[in-house]
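In what follows, a structure is listed as structure tokens, so that the remarks can point back to it.
The values are calculated or read from the model by the stated rules, or taken from the named source; none is laboratory data. Here the structure is a predicted model, which means the values were calculated and not measured. No Cβ is skipped: glycine too gets one built from the backbone with ideal geometry, and neighbour counts run over all protein chains shown. Just so you know, the surface numbers come from the protein's heavy atoms only, side chains and all, with ligands and any DNA or RNA stripped out. Shrake-Rupley method; radii C 1.70, N 1.55, O 1.52, S 1.80 Å.
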Amino acid sequence: MVCSSLDKTSECLKLSEHKSLPRHVAIIMDGNSRWAEAKSLPRVAGHKEGAQAVKRCIKAAIQNNIPWLTLYAFSSENWRRTPEEIADLTALLRYYLKFEARKLHKEGVCVRIIGDSARFDEKLQREFKAIEQLTEKNTRLILTLALSYGGRGEIIQAVQRIAKDVQVHKIKPTQVTEEVFAQYLFAPDIPDPDLIVRTSGECRLSNFLLWQSAYAELVFVETLWPDFNEEHFNYILNIYVRRDRRFGSRPGLKISDK
Ligand code: IPE
Ligand code: IPE
Ligand code: MG
């Protein structure tokens, strides 16, 4: 089901007082190109406006005291786009990281990058390192950017590293439990997302956090990413707090009883 409007937000629960807000929100930021096309603008205009929506989203996460926010910004499959669009996207990313780094740092945001960052050019990779190092001690919001990220690729790299560790007798095959496996993923210290949101009306994961999404609540909204704002963020939190998370257990069991 796609939630289509911001109706009834006013009569919603007071989020800041609600006990069951998600700890980790992950967002598939989709719809930039359709936003631009609808306005007869070049695709890059949609990506530029998408970067503004990222700022609004981070602000909303901080306002709601969400400790972990993960944003899917570029998938491993997005390398299939035209060289021109990839150049536009990487240029925008470099600009964003360069100019937002100090502001994010001042806000207490810790920026992490997951994905196959080696596929980006060296200049951009230096930007990744710089922002990660500058913000590494911050704790107000852990902002993970998924860049050149694919869930299957992440699982494969984990399997390869586990196989190596088995080969050198660091670990026995029977010791590979779910918990141990998760330690080989890109960000083992970050909890699984409680809530995964996708904008633009598409109802698929597109290779995002395949392992970690096992028990995430999924919310699909019609809003195109460049239009996303603080109100939309509150709206999705309100949908989340009404959900009954069961984890295979009996209905009505509270998350804290898990
Ligand atoms: C999302 O917008 C941004 C990236 C995938 C990089 P799209 O460019 O996919 O926009 P739509 O989905 O085609 O409208
Ligand atoms: C998914 O969006 C990836 C990101 C939002 C970064 P896409 O637009 O690339 O996904 P598909 O191709 O519609 O599945
Ligand atoms: Mg898309």
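Descriptive notes on the structure:
- Considering Gly115, Gly108, Gly50, the condition of being in contact with a Phe, Trp or Tyr (Cβ under 9 Å, 6 or more places away or on another chain) and at positive phi is satisfied by Gly115 alone.
- The set of residues in region 147-156 being surrounded by 15 or more Cβ atoms within 10 Å (Cβ to Cβ) and over 22 Å from Leu89 (Cβ atoms) consists of Ile155 alone.
- Test: residue in region 212-227 that is under 29 Å from Ala45 (Cβ atoms) and among the charged types (D, E, K, R): yes
- Subset tally (residues that are assigned to a loop (DSSP other than H, G, I, E, B) and more than 13 Å from ligand 1 (Cβ to nearest atom)) for region 191-204: 4
- Boolean, Ala101 is within 16 Å of Lys59 (Cα to Cα), open to solvent by less than 90 Å² (accessible area, probe 1.4 Å) and among the small types (Gly, Ala, Ser): yes
- Screening Lys103 against (1) part of a helix (DSSP H, G or I); (2) in contact (Cβ under 8 Å) with a residue 12 or more places away in the chain; (3) not acidic (Asp, Glu) leaves a single unmet condition, (2).
- Long-range neighbours under 6 Å by Cβ, at least six apart or interchain, first residue touching a residue at least 24 places away in the same chain (Cβ under 8 Å) and among the aromatic types (Phe, Trp, Tyr) within region 30-57, second open to solvent by 20 Å² or more (accessible area, probe 1.4 Å) and within 14 Å of ligand 3 (Cβ to nearest atom): Trp35/Leu224
- Scanning region 193-215 for residues that are crowded, with 21+ Cβ neighbours inside 10 Å and over 22 Å from Ser148 (Cα atoms) yields a total of 1.
- Subset tally (residues that are open to solvent by less than 80 Å² (accessible area, probe 1.4 Å), under 18 Å from His24 (Cα atoms) and assigned to a loop (DSSP other than H, G, I, E, B)) for region 157-190: 5
- Each residue in region 23-51 was checked for being of a type in the set (A, V, I, L, M, F, W, C), crowded, with 21+ Cβ neighbours inside 10 Å and either at pLDDT below 95 or assigned to a helix (DSSP H, G or I) (or both), and 2 of them qualify.
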